[in-house]
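The values are calculated or read from the model by the stated rules, or taken from the named source; none is laboratory data. Owing to the predicted nature of the structure, the values given are computational and were not obtained by experimental measurement. Here Cβ is always computed from backbone atoms with ideal geometry, including for glycine, and neighbour counts include all displayed protein chains.
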Amino acid sequence: MTSPAVYDHVRPTDADCPDGTYRVVGRSGETVTLLRVGDADGRRVHTGDVVRVSAGEFDSFDPAGNPDGNRPLRAAIASVPETAYWSFRAFGRELRSHPRPTVVAGALVAVGFVGESRLPVPDVVLGGAILVGCLALAYVGGGRL
């Protein structure tokens, strides 16, 4: 194999490194830097193992598939509650760290919901207040400020 490009995925055949899938993360002169991103079975791993090989040693690697996206369905479904928890926690933290925009956005939503019975304004204005308030909350909570 010649001329590795960054983001190419390779698998060692005769190289002196652990079995698995490696991603090319750098090249300099006669050295190729590889990051181990998959185990011997082709499943995604997060090892942080970095290997530097010479261009000659790199010839003992064969092209391999990208291990991203081959996560088992059971593991993907099992991670949904944990992901939701951390997403809501980060969202709340962002809202707390920007209190003024959060209060303004929340007030717009509240006016939109309770304004129909208390304010003499058309429904389209109240609907617009809800929409703008919700978008503002998403903007602030998403860490855009």
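Determine if region 52-73 includes at least one residue that is over 30 Å from residue 6 (Cα atoms) and either among the aliphatic types (A, V, I, L, M) or out of contact with any Ser or Thr (no Cβ under 6 Å at 6 or more places or on another chain) (or both). No - not one qualifying residue is present in region 52-73.
Taking each residue of region 82-106 that is outside the structural domain of residue 133 (by TED's automatic domain parsing) and looking for partners that are outside any helix (DSSP H, G or I) and surrounded by fewer than 11 Cβ atoms within 10 Å (Cβ to Cβ) with beta-carbon atoms closer than 8 Å, six or more apart or interchain, yields nothing. Taking region 9-29 as the range and being of a type in the set (Gly, Ala, Ser), in contact with an Asp or Glu (Cβ under 7 Å, 6 or more places away or on another chain) and either modelled with pLDDT under 90 or outside any loop (DSSP other than H, G, I, E, B) (or both) as the test, only 15 passes.
For region 70-106, the set of residues classified as closer than 22 Å to residue 41 by Cα and aliphatic (A, V, I, L, M) consists of 73, 75, 76, 77, 78, listed by residue number.
Exactly one residue out of 101, 81 is closer than 30 Å to residue 134 by Cβ and touching a Leu at 6+ places or on another chain (Cβ under 7 Å): that is 101. Set side by side, the residues 106, 65, 56, 92 differ, and just one is closer than 30 Å to residue 33 by Cβ and within 29 Å of the chain's Cα centre (by Cα), which is 65. Before we move on, is residue 57 of a type in the set (Asp, Glu), surrounded by 16 or more Cβ atoms within 10 Å (Cβ to Cβ) and farther than 30 Å from residue 131 by Cβ? So residue 57 fits the description; yes.
Hey, among 63, 67, which residue is closer than 30 Å to residue 40 by Cα, loosely packed, with under 12 Cβ neighbours inside 10 Å and either in contact (Cβ under 8 Å) with a residue 12 or more places away in the chain or in contact with a Leu (Cβ under 6 Å, 6 or more places away or on another chain) (or both)? Talk me through it step by step, then tell me what you get.
On the way: 67 fails: loosely packed, with under 12 Cβ neighbours inside 10 Å.
Exactly one residue qualifies, and that residue is 63.
Residue-wise test of (1) aliphatic (A, V, I, L, M); (2) surrounded by fewer than 12 Cβ atoms within 10 Å (Cβ to Cβ); (3) assigned to a helix (DSSP H, G or I); (4) touching a Phe, Trp or Tyr at 6+ places or on another chain (Cβ under 6 Å).
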site	(1), (2), (3), (4)
77	yes, yes, yes, no
86	no, yes, yes, no
90	yes, no, yes, no
107	yes, no, yes, no
129	yes, no, yes, no
140	yes, no, yes, no
